[in-house]
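Notes follow once the structure below has been shown.
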Amino acid sequence: MKHIIILFLLLTLSLSSFSQVSLTGRITDKKNGQTIPGANIYLPDLKSIAVSDTNGYYKIDNLPARKVLMQVTMFGYKPIVLVVDLSKTTVENFVLESSVKELNEVVVTGTSEASEIRRDPIPIAVISATEIQQSNSTNIIEALNTIPGLSTLTTGPNVSKPYIHGLGYNRVLTLYDGMRQEEQQWGDEHGVEIDQFLIDHIEVIKGPASLMYGSDALAGVINLIPANPVPDGAINGSFLADYMTNNKQIAGSLNLDGNYKGLTWGFRASHKQAGDYEDPIDGRVFQTKYDENDINAYFGVHKAWGYSKLNFSLWDDLQEIPDGSRDSLTRQFTEQITNNGLTQIVSNSELNNYKIATLHQHVQHYRVMSTNNFVIGQSTLAFNLGLEQSIHREYDWPQNPDIPGLYIILNTLTYDVKYHLPEVKGFEPSFGINGMLQQNTNPSGATEFVIPSYNSFDFGPFAYAKKTLGRWDISGGLRFDMRLFNNSSMYIKPNPANGLDMQTSYNPQDPSVQQQFQSYDHTFSGETGSLGATYNVSDNVGFKFNIARGYRAPNAAEISAKGVHPGTGFEQLGDDNLKSELSLQEDAGMFVNTPHVTLSLDVFNNIIDNYIYNEKLLNSKGTSDSLFHQNNGVFPVYKFQQTTAEIYGGEIDIDLHPHPLDWLHFENSLSYLNGLNLGGNGITINSEDKYLPLIMPLHTNTELRAETKKKFKHFSSFFIKFGFKAYATQDHFFAANGTETRTPGYALFDAGIGGNVLDNKGNTLFSINIIGTNLANRAYQSNMDRLKYFEEYTASPNGHLGIYEMGRNISFTVTVPIDIRK
């Protein structure tokens, strides 16, 4: 970290004399010519922002004398996106035109530099800050369920993993502000370790993004982006308080940000804790509590030479994971009270408090990252460096509460260098290299060992270019990736002090010593690329086409896993013969934006060679589950397999906003996926394994929403919405050896209301949102919820197996703005 700070200061001092200009202008309404205060003027590649004053004027200082991309936005108006050459002009006025909705967002994910989403052939979706604020999510990943084609794999309310078009785990690359987010993505019950209140908006690439990001982006990319710096001269922030009725979650978050002549700074501190959630079948679900604390701080410099920013963060979570243990007659949840598996029925008092149980996880994630964007003439050099540490402890021994079972530490150094050459006659080339260096260890003190200690090094050079030819926007590139991976052998034996396993050295004379992992050394590689085009019939109608090849190297668990992961309830076996996954996906889409209708349609087909999946094993006779006995427990056995797979489908999104009722939106989306096991690698296809696991069924999302920015006495930005989600029965499931089972369809009703409360001068005192989900208190199970399979018995007194999802939940969120200096 010391070296990063020194580099940051040296670069800042060396570039402080860079020539700079200021940009000024005025924002007016096209219809009546009146000035528009409060409009946002944003330069995404420089991360510079201004807000028009009461007279519609704006000013941005410390800008380079070169071409820059600008975006001007205001609620109720059509966004303006254009390139301005600051070497020729320093005054730019904008005339905004009334509009309801526009597919003209500027995105920074998946392209060489910021670009308009409608001109990019790569399928990209955006979740805005407003959509996040008006959701009722217990974590930031759950907000992705509003995007057609996306879903989440859950293990309780605070553990969610993103899925894009039926692919998840290490196939989806999660970014924080453009940098890789590395935790133990292979783990079933390992979520994304980011403060949900820190995220302003989310950009999603739906499809292979290996060209720009390398391995682990085979399915796509989730970029979780914090808020932009505040305008020059401002110091402001907010305090948020939240309460949920179902699991009694209480949460709070405080942030403050400032900007003084391009010197930016900010911090956020958040806390949330929850009790056990409740559903109509199970009542309170034991071991679904969590207690999370987060801190984030940054400081940066924004000048004509570009910007440089240092960010520090800590994510600390105490998380319970249910095991499904119940009393066989009453179906009441039970808890383990001895190391050898003796249990007792959980008391009502324990189900209705916030105290974290003895058996729980403690997960910590530390990050230091430096993001830099340097202007070199008409070119740009982006250089990003991150250092992360993810510490994962699982406490599984009731009689030894201070001794962790699973205990792993993952250290990751990520790097990303891109050089963007100047645009020449519509041609914009870029090239770069990125990757990571990882070290995973099982520290002394661990008693359960699922994956070995390993070292991994990724690097991948790439070249990318885009070209505008009239109505056509064409882009593509090539990349080569390599991963050097090796893990160490490990030997274990019982600890004489407590009888639990511990690491030891190899000793052929000691019969109690067993080999847990063999040493392994392998190099994975793959070539990837993409080529796509967008044809803009007009500003309101366009067609997109893209073909991309994705690559993913197997993760450590898939290669080497051996042992019972306490949070999963089964023994996992890896396979060191696994090969890299390679995919070929074709995408086609269109968009239409009129005063009455906004429509987008996307279809895709994806063929994946060497697709890796997890399958439950049968015993040697093939008559029942293969079982593993450990510490008086009995666990089914799973092993990773490899085949050829095909996933195809599409989604349609229609927003009806009939003019002149511009405040009214009737939004509808439909998503369809099908995943087929095509066989290969010794896999024989039959009726039970013809489909792939964890494929979301056909589902729709309908929402009727009214919203307005107009002021009504002491209220503004008022909204009210009603939603309906319907999920079809999932009959296309991976039935081999009972790995998955049929999931009945279900429907959910949601609603929400909120707005700003103003003082006598029209300033916002606070904002309030009241959001309700599953208002009919429907008992349901999603095929993407792992708790569906947490069941000890083949029969049940009440006819229900597994754990059900959260029942009716209403959240109350109050946000108080803090304006020290506007």
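On the given criteria, is LEU758 touching a strand residue (DSSP E or B) at 6+ places or on another chain (Cβ under 7 Å) and either among the small types (Gly, Ala, Ser) or open to solvent by less than 70 Å² (accessible area, probe 1.4 Å) (or both)? Break it down stepwise before answering.
Numbers: touching a strand residue (DSSP E or B) at 6+ places or on another chain (Cβ under 7 Å): yes; either among the small types (Gly, Ala, Ser) or open to solvent by less than 70 Å² (accessible area, probe 1.4 Å) (or both): yes.
Yes: the conditions hold for LEU758.
Note on segment 714-747: among residues that are part of a strand (DSSP E or B), open to solvent by less than 40 Å² (accessible area, probe 1.4 Å) and touching a Leu at 6+ places or on another chain (Cβ under 7 Å), the one that is modelled with the highest pLDDT is LYS721.
Of all residues in segment 640-651, at least one satisfies being within 30 Å of the chain's Cα centre (by Cα) and within 25 Å of THR594 (Cα to Cα).
In segment 448-503, what residues are farther than 29 Å from LYS418 by Cβ, open to solvent by 40 Å² or more (accessible area, probe 1.4 Å), touching a Phe, Trp or Tyr at 6+ places or on another chain (Cβ under 9 Å) and among the charged types (D, E, K, R)? ASP501, the sole residue that qualifies.
Scanning segment 701-713 for residues that are surrounded by fewer than 17 Cβ atoms within 10 Å (Cβ to Cβ) and modelled with pLDDT of 95 or more gives THR702, LEU704. Among residues of segment 241-262 that are under 26 Å from ASP279 (Cβ atoms), those with a Cβ under 6 angstrom from a residue that is part of a loop (DSSP other than H, G, I, E, B) and at pLDDT 95 or above, sequence gap 6+ or separate chain, pair up as ASN246/TYR277; ASN246/MET806; ASN247/GLY275; ASN247/TYR277; LYS248/GLY275. Count of segment 268-286 residues, restricted to those that are aliphatic (A, V, I, L, M) and part of a strand (DSSP E or B), is 2.
Only one of these is of a type in the set (Val, Ile, Thr) and surrounded by fewer than 17 Cβ atoms within 10 Å (Cβ to Cβ): THR380, THR343, THR371, THR288. Name it. Step through it out loud before you land on a result.
Working: THR380 fails: surrounded by fewer than 17 Cβ atoms within 10 Å (Cβ to Cβ); THR371 fails: surrounded by fewer than 17 Cβ atoms within 10 Å (Cβ to Cβ); THR288 fails: surrounded by fewer than 17 Cβ atoms within 10 Å (Cβ to Cβ).
Answer to the check: THR343.
Restricting segment 291-309 to residues that are closer than 16 Å to LEU256 by Cα and among the aliphatic types (A, V, I, L, M), the residue that is least open to solvent (accessible area, probe 1.4 Å) is ALA297.
Summed over segment 346-367, residues that are in a helix (DSSP H, G or I) and either closer than 15 Å to PRO404 by Cα or open to solvent by 70 Å² or more (accessible area, probe 1.4 Å) (or both) total 2.
In this structure, is VAL221 open to solvent by less than 30 Å² (accessible area, probe 1.4 Å), at pLDDT below 95 and part of a loop (DSSP other than H, G, I, E, B)? Steps first, please.
Values: open to solvent by less than 30 Å² (accessible area, probe 1.4 Å): yes; at pLDDT below 95: yes; part of a loop (DSSP other than H, G, I, E, B): no.
Taking the combined requirement at face value, the residue does not satisfy it.
Each residue in segment 180-192 was checked for being open to solvent by 10 Å² or more (accessible area, probe 1.4 Å) and within 12 Å of the chain's Cα centre (by Cα), and 4 of them qualify.
Quick one: count up the residues across segment 545-554 that are within 16 Å of SER210 (Cα to Cα) and either open to solvent by 10 Å² or more (accessible area, probe 1.4 Å) or basic (Lys, Arg) (or both). Full working, then the answer.
Step one: of segment 545-554, the residues within 16 Å of SER210 (Cα to Cα) are 546-554.
If we keep only those that are either open to solvent by 10 Å² or more (accessible area, probe 1.4 Å) or basic (Lys, Arg) (or both) as well, we get 546-547, 549, 552.
So the count comes out to 4.
All of VAL68, VAL95, VAL72, VAL81 fail the test of being touching a residue at least 24 places away in the same chain (Cβ under 8 Å), open to solvent by 60 Å² or more (accessible area, probe 1.4 Å) and not charged (D, E, K, R), apart from VAL95.
With (1) open to solvent by less than 30 Å² (accessible area, probe 1.4 Å); (2) modelled with pLDDT of 90 or more as the list, and GLY426 as the residue in question, which single condition is left unmet? Result: GLY426 passes all but (2).
Only residues that are touching a residue at least 24 places away in the same chain (Cβ under 8 Å) and in a loop (DSSP other than H, G, I, E, B): list them for segment 688-703, please. Can you show your working first?
Step one: filter segment 688-703 for residues touching a residue at least 24 places away in the same chain (Cβ under 8 Å), giving 688-689, 691-703.
Across segment 688-703, the qualifying residues are GLU688, ASP689, LEU692, PRO693, LEU694, ILE695, MET696, PRO697, LEU698.
Within segment 38-68, being in contact with an Asp or Glu (Cβ under 6 Å, 6 or more places away or on another chain) and either assigned to a loop (DSSP other than H, G, I, E, B) or modelled with pLDDT of 90 or more (or both) holds for one residue alone: ASP45.
Among ALA497, ALA463, which is free of Cβ contacts under 8 Å to residues at least 40 places away in the same chain, under 30 Å from ALA114 (Cα atoms) and not hydroxyl-bearing (Ser, Thr, Tyr)?
Details: ALA497 fails: under 30 Å from ALA114 (Cα atoms).
Within the list ALA497, ALA463, the selection yields ALA463.
The values are calculated or read from the model by the stated rules, or taken from the named source; none is laboratory data. As the structure is a computational prediction, the values presented were derived from the model and not from experiment. A quick note on method: Cβ atoms are made from the backbone with ideal geometry, for glycine too, and the neighbour counts reach across all protein chains shown. Accessible surface is based on the protein model in full, side chains and every heavy atom, while ligands, DNA and RNA are left aside. Shrake-Rupley method; radii C 1.70, N 1.55, O 1.52, S 1.80 Å.
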